[in-house]
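As structure tokens, the structure follows; a few thoughts come after it.
The values are calculated or read from the model by the stated rules, or taken from the named source; none is laboratory data. Quick caveat, the model's predicted, so the values are computed rather than measured. We place every Cβ from the backbone using ideal geometry, glycine too, and count neighbours over all the protein chains shown. Remember, those area values only see protein heavy atoms, side chains included, never the ligands or the DNA or RNA. Shrake-Rupley method; radii C 1.70, N 1.55, O 1.52, S 1.80 Å.
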Amino acid sequence: IQLTQSPSSLSASVGDRVTITCRASQGISSYLAWYQQEPGKAPKLLISGASTLQSGVPSKFSGSGSATDFTLTISSLQPEDFVTYYCQQHHSYPITFGQGTRLEIK
Amino acid sequence: QVQLQESGPGLVKPWETLSLTCTVSGDSINSDYWSWIRQPPGRGLEYIGYVYYSGTTYYNPSLKSRVTISVATSKNQFSLKVTSVTAADTAVYYCARGLYPGSGTDIIDLWGQGTLVTVSP
């Protein structure tokens, strides 16, 4: 299952709200996760099941979607949010990831 | 607090075998799914495969012919071997834990810090 994220990079300002999109090559119900990766660090799970926030993850992160189209929304951007985000399907093996979206400070 | 730590050589010669071990602390390896994922420098994430605590394995078809993942429950460790490596196998290799939610695949919820393996003469 191929996942296509858009945009590949995104410029925004502190305090903004942004939305990242992930499209699956076939229907995956709600089996989609979102990860955040800081430079030089391992990815961190933010959301699974398309919209279930992981324990300890701030409510400024939210996910939605089903079937083939999904979104990650981040509100009230802070400096630490300007990193890279990946979607990942947990519908079937092999697990696959989107190519990533790099969030940059404008 | 559950932690995963990768260990192994950081440099491997072309056509030799890459071997890594992941040591799990704070959790028993006698449950859940234990995976390997890699990330070439400056690029995205590639799923390699998993071993279940029982020893059942799954490998990504893109690497299946060269990959072996095994578990050593007595040591709370699991391992990765990739044979006949080339420069294309240069990457940060992560070990990770997956929790099965009841349907679909496991959900990878916890990662090691990653270890860079470079393939070079």
Rounded to the nearest 10 Å², the accessible area of residue A:71 at probe 1.4 Å:
40 Å²
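Report, in debye and to the nearest 20, how large the dipole of the protein assembly as shown comes out about its Cα centre when Lys and Arg carry +1 and Asp and Glu carry -1 on their Cβ.
Rounded to the nearest 20 debye, it is 280 debye.
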Percent relative contact order for chain A, counting Cα pairs under 8 Å at least six residues apart, stands at 38 percent
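State in Å² the accessible area per residue of segment A:19-67; use a 1.4 Å probe, count heavy atoms of protein chains only, and round to the nearest integer.
45 Å²
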Quick one: how many Å² of residue B:56 are accessible to a 1.4 Å probe, rounded to 10?
80 Å²
If each of residue B:83 and residue A:25 carries a label point 7 Å out from its Cα toward its Cβ, how far apart are those two points in nm?
2.8 nm
Lysines whose Cα lies under 20 Å from that of residue A:44, excluding same-chain neighbours fewer than 8 positions away:
A:60
If you project the alpha carbons of chain B onto their three principal axes, what span does each projection cover, largest first, in Å?
42, 27, 26
Just tell me how shielded A:52-64 is by partners: mean number of partner chain Cβ atoms within 10 Å of each residue's Cβ, no decimals.
0
Rule-of-thumb Rg ratio for the protein assembly as shown [Cα; 2.2 N^0.38 Å; N residues]:
1.01
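Full-extension gain between residue B:57 and residue B:113, please, as 0.36 nm times their residue separation minus the C-alpha to C-alpha distance.
Extending this stretch completely gives an extra 17.9 nm.
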Computed P(r) (all Cα pairs; chain A; 10 Å bins; percent):
16, 52, 28, 3
Rg in Å to one decimal, and Dmax rounded to a whole Å, for segment A:23-66 via C-alpha atoms
11.4, 33
Select from B:15, B:34, B:111 the residue whose mean-square fluctuation is largest in a Gaussian network model of chain B (Cα-Cα springs shorter than 10 Å).
B:15
Whole-Å distance linking the alpha carbon centroid of segment B:51-78 with that of segment A:8-48 is 28 Å
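Roll a 1.4 angstrom probe over the protein heavy atoms and tell me the percent of accessible area of the protein assembly as shown that is carbon or sulfur.
For the protein assembly as shown, the apolar C and S fraction of the accessible surface comes to 47 percent.
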Of A:102, B:43, which has the most accessible area and how do the rest follow, probe 1.4 Å?
B:43, A:102
Rounded to the nearest 10 Å², what accessible area does residue B:100 show when all protein chains are kept and the probe is 1.4 Å?
110 Å²
Interface B:A - total buried accessible surface [probe 1.4 Å, Å², rounded to 100]:
1600 Å²
10 Å Cβ neighbours from other chains, averaged over peptide B:98-108
5
